[in-house]
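The values are calculated or read from the model by the stated rules, or taken from the named source; none is laboratory data. Predicted model only: the values in this text are computed from it and were never measured. Cβ: placed from backbone, ideal geometry, glycine included. Neighbour counts: every protein chain shown. SASA here: full protein model, heavy atoms, side chains in, ligands and nucleic acids out. Shrake-Rupley method; radii C 1.70, N 1.55, O 1.52, S 1.80 Å.
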Amino acid sequence: MSLNGLDAASYQSGLDIAEVPGDFAIIKATEGINYDNPTFSGHVKQTLVAGKKLGVYHFIRNDSDIKEQADYFLAKVKPYIGKAILALDFENTTGSTIQNQAGVGLAKQWLDYVYGKTGVRPLLYTGIGCENSLDWSSVVRANYGLWLAQYNLDKVVNGYAPRDLYGSLKHWKSMVIFQYASVGRLSGYSSDLDLDVFYGDKAAWDKYAKATKVPETDNPTTNPSGAKWVKENKSYTLKTAVKLRTAPSTSADVIAVLSVGETVNTDQAIIQGGYRWVRQPRSHGYGYLATGPASNTLEYVETSASHAYYEVVSGDSWWSIAQQYNTDMNKLAKMNGKTIETAIHPGDKLLVK
């Protein structure tokens, strides 16, 4: 059993989804942190009025904060969470070259964050070349499904005509959705459309749209252990090497292994799973590390009240701030969990001693 449908963005502004054949429509909602698809609301309404299944997606960029992008998307699609399939569009575009291994990590952060906030596992959209050339094992292990694009050599496809994939998948065992044509034509609309096939029935679609776990909040009042996140703006110096993870769990993916003597700035803390965990704000989301087991919550770290911070102003650079505090810019960047290649912006607060 399968469903036929299309995906649409502002390019299809003249499209009335209710007037063309199909079982579903997947609509672009947002891109980055400042683009709303102007046709989103109209196309969503047309889809629902026609009794078709709904999907919504965000176009990720590597030039803005991943958490901000996810929150921006969630605010836009909030009325449809639990009813629509959620998806992340992973493509290069002007000002954002994201189809590389670092970009995979950014996509994983977005997927994890949206899953945590909604309980709904989003799909990952990308092309066959990208699926084959990059290492997607962390995304596959986290059980995020694949919406794959492979066009029909730019040939016009009249009506829904799903075909087999040219070639094969390298990382996923199967596709949830296959976008097999970008020059598709359907009765009721005279221009090009992306045509897709969903490998399942309407009940299967609904399962992808529904939550599979209880959503989180920024400061959840409870979790299975009954613990609470608490705010803390502190700095810790590591007494031992500690793994920085994508979530406060020893089974979460490792972002990096932090060295003895490194300083970590945190904004929240919790005791769960036998450890005290702290959250480190990062340029593209958060990292989590244990400060010690529950029996000795500060075994791995030492705290200091003598740290000083500097707020970045326009015109600042790693070099100019380092000169101001008589230090080396590489050391300054490392103290803040960054490198001198990391962009700093007015309003950022940097640890300077």
If you plug each phi of segment 12-24 into the Karplus form 6.51 cos²θ - 1.76 cosθ + 1.60 with θ = phi - 60°, what whole-Hz ³J(HN,Hα) values come out, in order, with x for Gly and Pro?
-> 9, 4, x, 7, 10, 4, 5, 9, 10, x, x, 9, 8
Alpha carbon centre of segment 227-279 versus segment 9-55: separation in Å?
-> 41 Å
On the accessible surface of the chain, probed at 1.4 Å with all protein chains in place, carbon and sulfur together account for a percent value of 50 percent
Using a ≥ b ≥ c from the Cα gyration tensor of segment 1-113 (square roots of the eigenvalues), is it rounded, prolate or oblate, where a/c under 1.5 gives rounded and otherwise the larger of a/b and b/c decides, a/b for prolate?
-> prolate
Please work out how much accessible surface residue 342 shows to a 1.4 Å probe, ignoring ligands, DNA and RNA, in Å² rounded to 10.
-> 40 Å²
So how far apart, in nm, are the two label points at residue 340 and residue 168 if each is 7 Å from Cα heading toward Cβ?
-> 4.8 nm
Tensor-based shape of segment 49-186 (alpha-carbon gyration tensor, a/c under 1.5 rounded, otherwise prolate or oblate) = oblate
Value of relative contact order over the chain, rounded to a whole percent, pairs C-alpha under 8 Å and six or more apart | 13 percent
How much length is gained if the chain between residue 349 and residue 314 is pulled fully straight, taking 0.36 nm per residue apart and subtracting their Cα-Cα distance, in nm to one decimal?
-> 11.3 nm
Stretched out fully, how many nm does the piece from residue 199 to residue 237 gain, at 0.36 nm a residue minus the Cα gap?
-> 8.6 nm
If the cut-off is 18 Å between C-alpha atoms, which aspartates and glutamates fall inside it for residue 239, apart from same-chain ones fewer than 8 positions away?
-> 262, 299, 302
Theoretical ellipticity at 222 nm over the chain - DSSP helices of four or more residues, -39500 (n - 2.57) apiece, nearest 500 | -6000 deg cm²/dmol
R0 of 25 Å, Cβ-Cβ distance residue 210-residue 91: FRET efficiency to nearest 0.05 = 0.40
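Just need the relative contact order of segment 91-183 here, percent rounded to a whole number, with Cα pairs under 8 Å and 6+ apart. Before the final figure, lay out the partial values.
Numbers: 106 pairs, mean separation 25.2, N = 93.
Once normalised by length, the contact order is 27 percent.
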If you put +1 on each Lys and Arg Cβ and -1 on each Asp and Glu Cβ, how big is the dipole of the chain around its Cα centre, in Debye rounded to 20?
-> 980 debye
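Based on the Kirkwood radius over alpha-carbon pairs, what is the Stokes-Einstein translational diffusion coefficient of segment 239-353 at 25 °C with 0.890 mPa s viscosity, in µm²/s?
D, rounded to a whole number, is 163 µm²/s.
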Please turn the phi angles of segment 121-127 into ³J(HN,Hα) values with the Karplus equation 6.51 cos²θ - 1.76 cosθ + 1.60 (θ = phi - 60°), one per residue in order, whole Hz, x for glycine and proline.
-> 7, x, 8, 10, 9, 7, x
Given pairs 108/331; 83/117; 117/207; 207/228; 53/83; 231/334 and cut-off 19 Å on Cα-Cα distance, the over-length ones are 108/331; 207/228; 231/334
In whole Å, what are the Cα extents of the chain along the three principal axes, biggest one first?
-> 70, 46, 37
What list of ³J(HN,Hα) values in whole Hz, one per residue of segment 295-303 in order, does the Karplus curve 6.51 cos²θ - 1.76 cosθ + 1.60 (θ = phi - 60°) give from phi, with Gly and Pro shown as x?
-> 6, 8, 5, 10, 5, 8, 9, 10, 9
